[in-house]
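The values are calculated or read from the model by the stated rules, or taken from the named source; none is laboratory data. Note that this is a predicted model, so its numbers are computed, not measured. Quick reminder, even Gly has a Cβ in these numbers, built from the backbone with ideal geometry, and neighbours come from all protein chains shown.
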């Protein structure tokens, strides 16, 4: 009865394997969380449209009226004239 709980050499290895198993579980949970976070984040692509094209598209879609369009167009043209 005295040696009933004696598992020999496996006693130390069992503890090491249990720690490794829990570390793998934590790493897997973090990895899944990161992957889910990346897939739900909106993908932002750089615009290839010029400022004038964006302005024209916004007028065509009715997002801005003609007065706003004319004011923004003047600003764009003034800014373009100042650049070298």
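Condition check ((1) on the phi < 0 side of the Ramachandran plot; (2) surrounded by 10 or more Cβ atoms within 10 Å (Cβ to Cβ)) across all residues:
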| site | (1), (2) |
| --- | --- |
| 31 | yes, yes |
| 35 | yes, yes |
| 56 | yes, yes |
| 59 | yes, yes |
| 62 | no, no |
| 67 | yes, no |
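Counting only helices (runs of 4 or more DSSP H) that fall entirely inside the chain and contain at least 1 residues that are more than 34 Å from the chain's Cα centre (by Cα) and modelled with pLDDT of 90 or more, the qualifying elements are 66-82.
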